[in-house]
C-alpha cells in the first residue's frame with residue numbers, strides 16, 4: 001500500500017467555478033481517511049482528481065512518493081468503487097470480478113486464485129456463478145468491492161458506496177468495509193455526505209465545505225474540539241444548538257445572555273479567562289443535544305437552565321429528541337424521559353455548562 005499526498009490541490013472549471021481550493025492532505029500508508037461534507041463541497045471532485053478522472057487546475061498529487069498529475073488513471077495503481085455498482089449484468093459474479101485482470105493478460109490460475117480469495121473475504125463464494133440481478137443491493141456492492149480487491153492496488157478510493165442501500169444494509173456494509181480495511185491493511189480514501197459513516201469508519205476525517213478543508217482530525221477531535229461553527233454543526237446528530245448572545249459580567253461571574261429569547265447561562269469557570277476579551281461583545285454558544293437534561297420543573301440552580309415550550313417530540317426507542325422553543329430560537333435535546341412531554345407544555349433544558357462551545361460571531365471560529 002502507499003501514502004497519498006495532496007499539496008495545494010485546486011480545481012477551477014472553465015466557467016470560473018472553484019470546486020476545490022488549496023487542499024493539503026497527507027494520507028498515511030494503511031490509513032482510512034474519510035472526506036465528508038454537504039453536497040457540492042468538493043469531496044468527490046477531490047477523489048476524482050486523485051483517481052485521474054478530473055484534471056488538476058493547480059497543485060500536486062503524490063502516490064507512494066511519485067508525482068502523478070500527468071499519469072493516466074490506469075497507471076496510478078488505484079482502484080475505485082463507485083456509488084452505483086457498475087456491474088456487467090450479463091456476466092456472473094466471478095467474471096465481473098475477473099474481467100479487469102483478464103484485460104491485463106494475467107494467467108487464468110492467478111485470476112482464479114485472486115477472485116476466490118476476494119470472494120472468501122467478502123462472503124461471496126456461493127454466489128460466484130450467479131448474475132447480479134439475483135443479488136441484493138449489499139451483495140452487489142460487495143461484488144464491486146471485490147472487483148477492486150483483486151487488483152491489489154496501492155490505494156482504494158470509495159465514492160459514496162453505501163448511499164443506494166437501505167438503513168439496515170448501510171450499517172452492515174459499514175462494518176464490513178471497516179473489517180475489510182483491517183484485513184487488507186489497505187490505504188483507503190472514502191467519500192461520504194453521511195457524518196455517521198465518517199465518524200464510525202475513519203481513522204481521520206476531513207471536513208470540507210465550499211471546496212475548502214475546514215478541519216482534519218480523528219472523530220473524537222472533531223466532536224470535542226471543532227475548529228469552527230460549521231464543523232460543530234455538521235458533526236453530531238441532531239446538530240449542535242447555536243445561540244447568539246452577549247458576554248456580560250455580574251459581580252465576579254461571566255454570563256452568556258440572549259435578551260430576545262430570555263436566555264441567561266453562567267459561563268463555566270474553565271471558559272472565564274478566554275471569554276474576558278469578549279466582554280460586552282457578541283458570541284455564539286454551541287450546546288450539543290446530548291449535553292442537555294430535560295426536566296419538567298424549574299431547577300433551583302440559576303444560570304443553568306433554559307425555559308422552553310415543547311414543539312416536536314421524536315421517539316427514538318431508548319431516547320427521544322425533544323424540540324422546544326425559547327423565544328424565537330428552537331432548540332433540541334436528547335432525553336431519556338419515561339413519558340413524552342405534551343406538545344405546548346413548559347419544560348426546562350438544563351445545560352451541562354462545562355460542555356458548552358463558544359464561537360466568534362464575526363469569524364465563526366472556535367474560541368479556545
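The values are calculated or read from the model by the stated rules, or taken from the named source; none is laboratory data. All of these numbers come straight from a predicted model, not from anything done at the bench. A quick note on method: Cβ atoms are made from the backbone with ideal geometry, for glycine too, and the neighbour counts reach across all protein chains shown.
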Given the conditions (1) under 23 Å from residue 28 (Cβ atoms); (2) in a strand (DSSP E or B); (3) over 12 Å from the mean Cα position of the chain (by Cα), and given that residue 183 satisfies all but one, which numbered condition is not satisfied? (2)
Restricting to the range 338-368, what's the tally of residues that are outside any strand (DSSP E or B) and either within 29 Å of the chain's Cα centre (by Cα) or surrounded by fewer than 16 Cβ atoms within 10 Å (Cβ to Cβ) (or both)? 18
Scanning the range 71-122 for residues that are more than 25 Å from residue 191 (Cα to Cα) and in a loop (DSSP other than H, G, I, E, B), which turns out farthest from the chain's Cα centre (by Cα)? 107
Which condition breaks for residue 38 when tested against (1) without any contact (Cβ under 8 Å) to a residue 60 or more places away in the chain; (2) in a loop (DSSP other than H, G, I, E, B); (3) closer than 17 Å to residue 205 by Cα? (1)
When you go through 299, 289, 341, 315 one by one, which is the residue that is out of contact with any strand residue (DSSP E or B) (no Cβ under 8 Å at 6 or more places or on another chain) and at negative phi? 315
Members of the range 148-162 found to be in contact (Cβ under 8 Å) with a residue 60 or more places away in the chain, touching a helix residue (DSSP H, G or I) at 6+ places or on another chain (Cβ under 8 Å) and either farther than 12 Å from residue 190 by Cβ or part of a helix (DSSP H, G or I) (or both), listed by number: 149, 151
When (1) over 27 Å from residue 227 (Cβ atoms); (2) loosely packed, with under 15 Cβ neighbours inside 10 Å are applied to residue 319, the one that fails is (2)
Being surrounded by fewer than 16 Cβ atoms within 10 Å (Cβ to Cβ) and touching a strand residue (DSSP E or B) at 6+ places or on another chain (Cβ under 9 Å) is the filter here; which residues of the range 76-134 pass it? 82
Report yes if residue 213 is under 12 Å from the mean Cα position of the chain (by Cα), in contact (Cβ under 8 Å) with a residue 40 or more places away in the chain and assigned by TED's automatic domain parsing to the domain that holds residue 45, otherwise no. no
Complete set of residues in the range 212-228 that are more than 17 Å from residue 359 (Cα to Cα) and assigned to a helix (DSSP H, G or I): 219, 220
Scope the range 56-68; condition outside any strand (DSSP E or B) and at pLDDT 95 or above; matching residues: 56, 57, 68
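Please find, within the range 41-55, the residue that is nearest to residue 216 (Cα to Cα) out of those that are under 14 Å from the mean Cα position of the chain (by Cα) and in a helix (DSSP H, G or I).
Looking at residues that are under 14 Å from the mean Cα position of the chain (by Cα) and in a helix (DSSP H, G or I), I get 43.
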Strands (runs of 3 or more DSSP E) wholly inside the range 229-319 that include at least 1 residues being farther than 22 Å from residue 214 by Cβ and not assigned by TED's automatic domain parsing to the domain that holds residue 338: none
